[in-house]
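Below is one structure, written out as structure tokens; comments come after it.
The values are calculated or read from the model by the stated rules, or taken from the named source; none is laboratory data. Everything numeric in this text was worked out from a predicted model, so none of it was measured. As a convention, Cβ positions derive from the backbone with ideal geometry for all residues, glycine included, and neighbour counts pool all protein chains shown. The area values use the complete protein model at the heavy-atom level, side chains included, leaving out ligands, DNA and RNA. Shrake-Rupley method; radii C 1.70, N 1.55, O 1.52, S 1.80 Å.
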Amino acid sequence: NIKKRFFNVNNENNYLFAFDLRLWYNVIYIVNRLEAVIMIGKFITIEGNDGSGKTTVLEGIKRALIAQGFDVLVTREPGGSEIAEKIRQVILDKSNLAMDKRTEALLYAASRRQHIIETVLPALNANKIVLCDRYIDSSLTYQGYARGIGIEEVYQMNVFATEGLLPDLTIYIAVRPSVGITRKSKQKELDRLEMETISFHEKVYEGYEKLVQMYPNRIVRIDGERFAEAVIADATKVVNEFINQ
Ligand code: TYD
């Protein structure tokens, strides 16, 4: 009978078959476990000075990806989850002028952490393409470089906050602050960071340019001082090539 055929361990062949089954069971188990811990989606961030138009570009990229049938999640920093949005309000509140630069860096990192846990990782694990408006590079240039804490120090703090989760691809929309801040002040009332001096925003710009040198494989620089259509077309091309590679 069947039981005897497969489980008679005195027979060498049957023993091997049983061993084989166990091996396959283990392989399948491990693969399932790995799928649970390895992110299978793509994490794409978009960066740039205030008023660089990155939010418009992000919408363009999203439209192009959805048209190709991809499952896309658009989110932003600081914020992107309920707790993270509360932290955002504290950071950007115009009355918090006494905020220390390290407090500011820690709050951005705290908001980032919560956003990753609640929003980004679940989407990546569901095989989505996550498009995030600002991420770690904003902290590296705004707090690390422009505020003067140091890129390396802010990076280390963010390694703690993110457990090393870096974007798969970062689109950097390069717009000089003289152009960006004028655009922004025409659109809306400025928040605490946007109200900073022009020399602060110059530093942010310089910081981004440094990051492009530091991460040539991850960050793609796109000239943002052109008509929106041209910037969106370039950014979409880079993302499409990356996704379909
Ligand atoms: P936001 O209104 O989202 O600006 P934008 O639409 O230009 O992205 O405000 C975010 C501000 O916070 C912006 O001035 C950049 C700043 N910022 C940092 O300084 N560090 C960070 O880590 C992040 C994510 C943002």
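General remarks:
- Whichever residue in region 46-84 is among the acidic types (Asp, Glu) and over 18 Å from Glu194 (Cβ atoms) and, among such residues, is nearest to the ligand (Cβ to nearest atom): Glu59
- Any hit, region 204-219, residues being outside any loop (DSSP other than H, G, I, E, B) and hydroxyl-bearing (Ser, Thr, Tyr): yes
- Count of residues meeting criterion [more than 12 Å from the ligand (Cβ to nearest atom) and either under 20 Å from the mean Cα position of the chain (by Cα) or touching a residue at least 60 places away in the same chain (Cβ under 8 Å) (or both)] in region 95-111: 2
- Some residue of region 148-159 being closer than 15 Å to Glu202 by Cβ and out of contact with any strand residue (DSSP E or B) (no Cβ under 6 Å at 6 or more places or on another chain): yes
- Filter result (among the basic types (Lys, Arg) and touching a Phe, Trp or Tyr at 6+ places or on another chain (Cβ under 8 Å)) within region 211-245: Arg221
- Residue check for Arg147: among the charged types (D, E, K, R), near the ligand (Cβ under 9 Å from one of its atoms) and open to solvent by less than 30 Å² (accessible area, probe 1.4 Å): no
- Sole residue being within 16 Å of the chain's Cα centre (by Cα) and either open to solvent by 10 Å² or more (accessible area, probe 1.4 Å) or not hydrophobic (A, V, I, L, M, F, W, C) (or both), chosen from Thr170, Thr236, Thr197, Thr182: Thr170
- Beta carbons closer than 6 Å, at least 6 apart along the sequence or on distinct chains, pair a first residue in region 60-83 that is free of Cβ contacts under 8 Å to residues at least 24 places away in the same chain with a second that is away from the ligand (no atom under 14 Å from the Cβ) and not in a loop (DSSP other than H, G, I, E, B) for Ile66/Val72.
- Failed condition for Asp168, given (1) modelled with pLDDT of 95 or more; (2) under 18 Å from Tyr142 (Cβ atoms): (2)
- Residue in region 161-173 that is within 21 Å of Ile44 (Cβ to Cβ) and acidic (Asp, Glu) present: yes
- Meets criteria (small (Gly, Ala, Ser) and either open to solvent by 20 Å² or more (accessible area, probe 1.4 Å) or over 18 Å from Gly48 (Cβ atoms) (or both)) for Ser138: no
- Residue identified as open to solvent by less than 10 Å² (accessible area, probe 1.4 Å) and part of a helix (DSSP H, G or I) among Val57, Val90: Val57
- The listed residue being in contact with a Pro (Cβ under 7 Å, 6 or more places away or on another chain) and surrounded by fewer than 19 Cβ atoms within 10 Å (Cβ to Cβ), out of Glu202, Glu225, Glu189: Glu202
- Residue check, Lys210 out of contact with any strand residue (DSSP E or B) (no Cβ under 7 Å at 6 or more places or on another chain) and in contact (Cβ under 8 Å) with a residue 40 or more places away in the chain: yes
- Extreme residue, modelled with the highest pLDDT, among residues of region 69-84 that are assigned to a loop (DSSP other than H, G, I, E, B) and open to solvent by less than 20 Å² (accessible area, probe 1.4 Å): Glu77
- Considered as a group, the residues in region 112-128 that are closer than 30 Å to Gly148 by Cβ and open to solvent by 40 Å² or more (accessible area, probe 1.4 Å) include one that is farthest from the ligand (Cβ to nearest atom), and that residue is Ile117.
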